[in-house]
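Data block below; observations after.
The values are calculated or read from the model by the stated rules, or taken from the named source; none is laboratory data. Predicted model, so just to flag it, every value in this text is computed and none were measured. As a convention, Cβ positions derive from the backbone with ideal geometry for all residues, glycine included, and neighbour counts pool all protein chains shown. Accessible surface areas use protein heavy atoms only, side chains included; no ligands, DNA or RNA. Shrake-Rupley method; radii C 1.70, N 1.55, O 1.52, S 1.80 Å.
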Amino acid sequence: MMFSLAVALGCDLFDSASYALYAKDGRYMTARGTYHLNKLQYLPCSCPVCSSLNARELFESENREELLARHNLYVTFEEIREVKQAILEGSLWELVNIAAGRIQITVRIKSGSFTTFRMDRKNTTPFKVNIFLQRS
């Protein structure tokens, strides 16, 4: 995910519905990227959702979107906690470098106010993040 990079660039507030939007699209979030649930044979996570179901059971569940969203939210919060710990340890840039090894980043400035990051990961779906830049 990209939270460590966003924090290193100065972001300190996140508001995202990506966990739910990915779930709606049947995408399973991990620290390495997203995967389509129907292509997974194993759930590489130990959150309460993944600990109670296998990949097939999750895919066939009537509550698949809700359960997948819950899993995706657990993964998102795990990443945020990892960023917080790295800040306390003074190792945020090391975490960014680890994440950068997994992503390719293109930065483009749009009409003065927005920076767009396009992050392409192997075996995952490309996505965009828009960050509002405000002078303090």
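Structure notes:
- Listed by first and then second residue, the pairs linking a residue in segment 70-90 that is farther than 17 Å from Ala8 by Cα to a residue that is of a type in the set (Val, Ile, Thr) and open to solvent by less than 50 Å² (accessible area, probe 1.4 Å), with Cβ atoms under 6 Å apart and 6 or more places separating them unless they lie on different chains, are Arg70/Val49; His71/Val49.
- Flag if Ser16 is within 23 Å of Ala86 (Cβ to Cβ), of a type in the set (Ser, Thr, Tyr) and assigned to a loop (DSSP other than H, G, I, E, B): yes
- Selection count where residues are surrounded by fewer than 20 Cβ atoms within 10 Å (Cβ to Cβ) and of a type in the set (S, T, N, Q), scope segment 1-20: 2
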